[in-house]
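Novice: Quick one: this structure, given as structure tokens, is what I'll be asking you about.
The values are calculated or read from the model by the stated rules, or taken from the named source; none is laboratory data. Computed from a prediction, not measured in an experiment: that's the story for all the values here. Neighbour counts run over all protein chains shown; Cβ positions are idealised from the backbone, glycine included.
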Amino acid sequence: MALLRVSLRALLVSASMGVLAGGASAATTVTISATAQGTVDEYGRNNAAFGSALGNMLCGRLNTFFIRNFAVFTLGPEARPQGRRIIAATFAPRISFNAVQLVVSPGKYVLRDVQPAFVPALAADSTPFSGRLDIYNDFVNGVIYAERVVTLADNPASIPATLDVTLTPAFVQAANALLDSGGGSIALGGSMVIPTTPGVQSLFAFSSYDPPLGGRAQLILTFAPSCPSDLNADNVVDDLDFQIFVVQYDAVLCAAPEMPAGCSADLNTDGVVDDLDFQIFVVAYDAVLCP
Ligand SMILES: [Ca+2]
Ligand SMILES: [Ca+2]
Ligand SMILES: [Ca+2]
């Protein structure tokens, strides 16, 4: 702590000399369009083999057989703002016709992980495959990325529309791990848990690629500094961050005109930058490296 005290005191002098800049903003949103999206039916056929339009995402019971859907996203290093990690994610498929055609309502839409070995076949969605029950079955196995009860009320008043599906912390963790490893593709496999009434259609439907009603599903990622006290988002908490902190500490109120935009030093998000925030900052400053 002795070194910390000396360093902070030295910087308080430079702060009073007015050499300080504002901090990094609190969060950044990045939207990524699906690399591929489509359907795998209970015969293990994708859209290209099943005769469905490329990119059509149908899920549930279609006439006499069952069908599941998927979306593939490519996360490259360029998707991640420097020094930031994903803190939240939303899957936002486009709805090009009635989202829910449930005779018996409600149903539950579940998204799960897709084994990496299956991703290339799904990503090449114009290349037909059939008999891939391993892929079809994988969509109901593994880590849950989202669960959403759907009813007829989920049908939008007009189309096209977007349906927001909040993804779980397990997805956020997987996406961060993918970015940490240099990037790659991640796929989500969807299934419907529906009342079993033979012959009754119970369908949850998303977009095709076709304009104007379709469009690719979106993945909306919210990035934040990898640790909140890292105010300049360079992955370490050091004197540069303290310089940013002290300017906001002087301004106190997040609503004050002199407060830098974003009020990033309000680490406990109570609307003021005060000693409570400093107590949080000092712990991270002491640790130096972001986790
Ligand atoms: Ca799976
Ligand atoms: Ca920093
Ligand atoms: Ca505060």
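Novice: Identify, from the list D241, D286, the residue that is within 16 Å of ligand 2 (Cβ to nearest atom), more than 26 Å from the chain's Cα centre (by Cα), assigned to a helix (DSSP H, G or I) and surrounded by 15 or more Cβ atoms within 10 Å (Cβ to Cβ). Show your work before the answer.
Specialist: Working: D286 fails: surrounded by 15 or more Cβ atoms within 10 Å (Cβ to Cβ).
Exactly one residue qualifies, and that residue is D241.
Novice: Hey, can you tell me all the residues within the range 127-156 that are of a type in the set (G, A, S) and at pLDDT below 95? So that I can check it myself, show each step before the final result.
Specialist: Within the range 127-156, the first condition is being of a type in the set (G, A, S), and the residues that meet it are 130-131, 142, 146, 153.
Answer for the range 127-156, where residues must be of a type in the set (G, A, S) and at pLDDT below 95: just A153.
Novice: Given the structure, is I135 among the β-branched types (V, I, T), over 30 Å from R84 (Cβ atoms), crowded, with 19+ Cβ neighbours inside 10 Å and within 16 Å of ligand 1 (Cβ to nearest atom)?
Specialist: Yes; evaluated as a whole, the condition is true for this residue.
Novice: Here's another thing I want to ask about it. Being farther than 21 Å from R61 by Cα, in the same structural domain as G60 (by TED's automatic domain parsing) and acidic (D, E) narrows it down to one of D134, D125, so name that one.
Specialist: Details: D134 fails: farther than 21 Å from R61 by Cα.
Result: D125 is the single residue among D134, D125 that is farther than 21 Å from R61 by Cα, in the same structural domain as G60 (by TED's automatic domain parsing) and acidic (D, E).
Novice: What is the number of the single condition among (1) outside any helix (DSSP H, G or I); (2) within 14 Å of ligand 2 (Cβ to nearest atom) that N268 does not meet?
Specialist: Only one criterion is unmet by N268, namely (2).
Novice: Could you grab me the full set of residues in the range 267-276 that are more than 24 Å from the chain's Cα centre (by Cα) and either modelled with pLDDT under 90 or more than 14 Å from Q243 (Cα to Cα) (or both)?
Specialist: Keep residues of the range 267-276 that are more than 24 Å from the chain's Cα centre (by Cα), which gives 270-276.
If the condition is that a residue be more than 24 Å from the chain's Cα centre (by Cα) and either modelled with pLDDT under 90 or more than 14 Å from Q243 (Cα to Cα) (or both), then D270, G271, V272, D274, D275, L276 are the ones that fit.
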